[in-house]
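The structure appears below as C-alpha cells.
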Amino acid sequence: MDQVSYAFYPTLLDSFVYYKKTEELNKFVELIDKINRVKVERHNGLSKGIAFENVINNLIDNRSTVNDFNLELVHSIVSKLKRCTSKQKKLETVIDSPYGKIKLYGIFDYEFPQMYADLKTTENYSFGKYDDHIQHKMCSLICKNNGAPIEQFNYVITDFKYWYIENYKCTDSLHDDLMYEIYDFISFINHYKHLITNNKIFGGDGVNEIILS
C-alpha cells in the first residue's frame with residue numbers, strides 16, 4: 001500500500017474547527033500543541049466526564065461501582081446504552097484524495113447494529129451543540145469506506161442534571177462537510193509546517209496513537 005500522507009482523528013479536527021470559529025491566539029497555540037502531542041494538565045471537567053463514563057460502563061458490564069452522581073440520571077443513561085454490542089470500538093480507514101492517501105481513525109464509545117453512539121458530558125448544554133463536531137461525520141465515513149455503512153450516530157449528552165440525545169442521520173452531505181474540513185486542515189498544517197514537530201500527522205510512525213481530550 002502507498003504511504004499515507006496524512007493521519008487525522010476526530011478531536012484533532014474538532015480543535016481546528018473550534019480555532020477557526022475564534023481565531024484567537026491562545027486557541028492557535030492550543031491547536032499547535034495538540035498537533036505536536038504536548039501533554040497538558042487534565043482539567044476538572046474532563047476528569048469528571050471520565051469518572052461519569054466509567055460509572056456508566058461499569059453498570060453496563062454489571063460490575064460494582066462507586067457512584068457519586070445522580071442515581072436516576074445514571075440509570076436512565078445506562079438504559080439507553082446497555083444494549084450496545086461493543087464499547088470503545090477502534091475504527092480506521094484510508095481514503096484517496098487529491099492530497100494523497102489520508103488515514104482516518106478513532107475510538108467510538110458504543111456500537112449498535114447500524115449505529116454508533118458517544119457519551120458526552122458538559123456543564124452547559126443547548127440543542128445542536130454537536131452539529132459541528134467531527135466524530136459523527138468521521139465514524140460514518142469510516143464505516144462506509146470499510147463497506148459497513150451505518151444509518152445514524154447518536155450523542156448521548158448529560159449536564160449532570162438531565163440527559164439529552166442528538167441524532168444524526170449518516171448521509172453523503174455529512175461526508176462532504178468532513179472532507180471540506182479535512183482539506184482546509186491540510187492547507188493549515190502545510191502552511192504552519194515549520195511549527196510542527198510531530199510527524200505522525202503526516203503519516204509518520206505511531207499514527208494510531210489517539211489523544212482523547
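Name the single residue that is nearest to ASN57 (Cα to Cα) among those in the range 107-136 being aliphatic (A, V, I, L, M) and touching a helix residue (DSSP H, G or I) at 6+ places or on another chain (Cβ under 8 Å). Steps first, please.
As a first pass, look at the range 107-136 and keep what is aliphatic (A, V, I, L, M): 107, 115, 117, 119, 134.
Pick out the ones that are also touching a helix residue (DSSP H, G or I) at 6+ places or on another chain (Cβ under 8 Å) and you get 117, 119, 134.
Working: ALA117: 13, LEU119: 10, ILE134: 23 Å.
Per the criteria, the residue is LEU119.
Answer with yes or no whether LEU104 is open to solvent by less than 20 Å² (accessible area, probe 1.4 Å), farther than 27 Å from ASP61 by Cα and of a type in the set (A, V, I, L, M, F, W, C). If you could, list the steps in order and put the result at the bottom.
Values: open to solvent by less than 20 Å² (accessible area, probe 1.4 Å): yes; farther than 27 Å from ASP61 by Cα: yes; of a type in the set (A, V, I, L, M, F, W, C): yes.
The answer is yes for LEU104.
Taking only pairs six or more apart or across chains, which ones have beta-carbon atoms under 8 Å, a first residue in the range 34-45 that is without any contact (Cβ under 8 Å) to a residue 60 or more places away in the chain, and a second residue that is surrounded by 10 or more Cβ atoms within 10 Å (Cβ to Cβ) and hydroxyl-bearing (Ser, Thr, Tyr)?
From the range 34-45, no pairs qualify.
Is at least one residue of the range 21-33 touching a residue at least 40 places away in the same chain (Cβ under 8 Å), surrounded by 14 or more Cβ atoms within 10 Å (Cβ to Cβ), outside any loop (DSSP other than H, G, I, E, B) and among the basic types (Lys, Arg)?
Scanning the range 21-33 turns up no residue that is touching a residue at least 40 places away in the same chain (Cβ under 8 Å), surrounded by 14 or more Cβ atoms within 10 Å (Cβ to Cβ), outside any loop (DSSP other than H, G, I, E, B) and among the basic types (Lys, Arg).
So, in the range 54-75, exactly how many residues are exposed (fewer than 13 other Cβ atoms within 10 Å of the Cβ) and in a helix (DSSP H, G or I)? Before the answer, list the steps.
Taking the range 54-75 as the starting set, the residues that turn out to be exposed (fewer than 13 other Cβ atoms within 10 Å of the Cβ) are 61-64, 66, 68, 71-72.
Imposing the further condition that a residue be in a helix (DSSP H, G or I) reduces the set to 71-72.
So the count comes out to 2.
Being part of a helix (DSSP H, G or I), modelled with pLDDT of 95 or more, farther than 18 Å from TYR192 by Cα and open to solvent by 20 Å² or more (accessible area, probe 1.4 Å) is true for just one of SER79, SER97, SER47. Which residue is that? Give the steps one after another, and end with the answer.
On the way: SER97 fails: part of a helix (DSSP H, G or I); SER47 fails: modelled with pLDDT of 95 or more.
Only one candidate qualifies: SER79.
Scan (1) open to solvent by 10 Å² or more (accessible area, probe 1.4 Å); (2) at pLDDT 95 or above for the single condition GLU123 breaks and write down its number.
Failing condition for GLU123: (2).
Looking only at the range 127-151, which residues are on the phi < 0 side of the Ramachandran plot, open to solvent by less than 70 Å² (accessible area, probe 1.4 Å), part of a loop (DSSP other than H, G, I, E, B) and free of Cβ contacts under 8 Å to residues at least 60 places away in the same chain?
Once the filter is applied, which keeps residues that are on the phi < 0 side of the Ramachandran plot, open to solvent by less than 70 Å² (accessible area, probe 1.4 Å), part of a loop (DSSP other than H, G, I, E, B) and free of Cβ contacts under 8 Å to residues at least 60 places away in the same chain, the range 127-151 yields TYR130, ALA148, ILE150.
Looking at the range 64-83, I want the residues that are under 16 Å from THR121 (Cβ atoms) and have a partner that is among the hydroxyl-bearing types (Ser, Thr, Tyr) and open to solvent by 40 Å² or more (accessible area, probe 1.4 Å) with Cβ atoms under 9 Å, at least 6 apart or on another chain. Which pairs are those?
Every condition considered, the pairs that remain are LEU73/TYR162.
Would you be able to tell me the number of residues in the range 152-194 that are farther than 18 Å from GLY100 by Cβ and either without any contact (Cβ under 8 Å) to a residue 24 or more places away in the chain or not in a helix (DSSP H, G or I) (or both)? Break it down into steps so the answer makes sense when it comes.
Here is the first cut: in the range 152-194, the residues farther than 18 Å from GLY100 by Cβ are 152-177, 192, 194.
Add one more test, that the residue is either without any contact (Cβ under 8 Å) to a residue 24 or more places away in the chain or not in a helix (DSSP H, G or I) (or both), and what stays is 152-173, 176, 192, 194.
Total satisfying the criteria: 25.
Would you check which residues across the range 107-120 are farther than 22 Å from ILE201 by Cβ and surrounded by 15 or more Cβ atoms within 10 Å (Cβ to Cβ) and list them? Before the answer, list the steps.
Our first condition is that a residue be farther than 22 Å from ILE201 by Cβ; within the range 107-120, this holds for 109-120.
The answer is ASP109, TYR110, GLU111, PHE112, MET115, TYR116, ALA117, ASP118, LEU119, LYS120.
Here are GLN3, GLN88: which of them is within 18 Å of the chain's Cα centre (by Cα) and open to solvent by 50 Å² or more (accessible area, probe 1.4 Å)? Reasoning before the result, please.
On the way: GLN3 fails: within 18 Å of the chain's Cα centre (by Cα).
None of the other options fit; the residue is GLN88.
The values are calculated or read from the model by the stated rules, or taken from the named source; none is laboratory data. Predicted, not measured: the structure shown is a model, and the values here were computed from it. A quick note on method: Cβ atoms are made from the backbone with ideal geometry, for glycine too, and the neighbour counts reach across all protein chains shown. Surface areas here come from the heavy atoms of the whole protein model, side chains and all, with no ligands, DNA or RNA. Shrake-Rupley method; radii C 1.70, N 1.55, O 1.52, S 1.80 Å.
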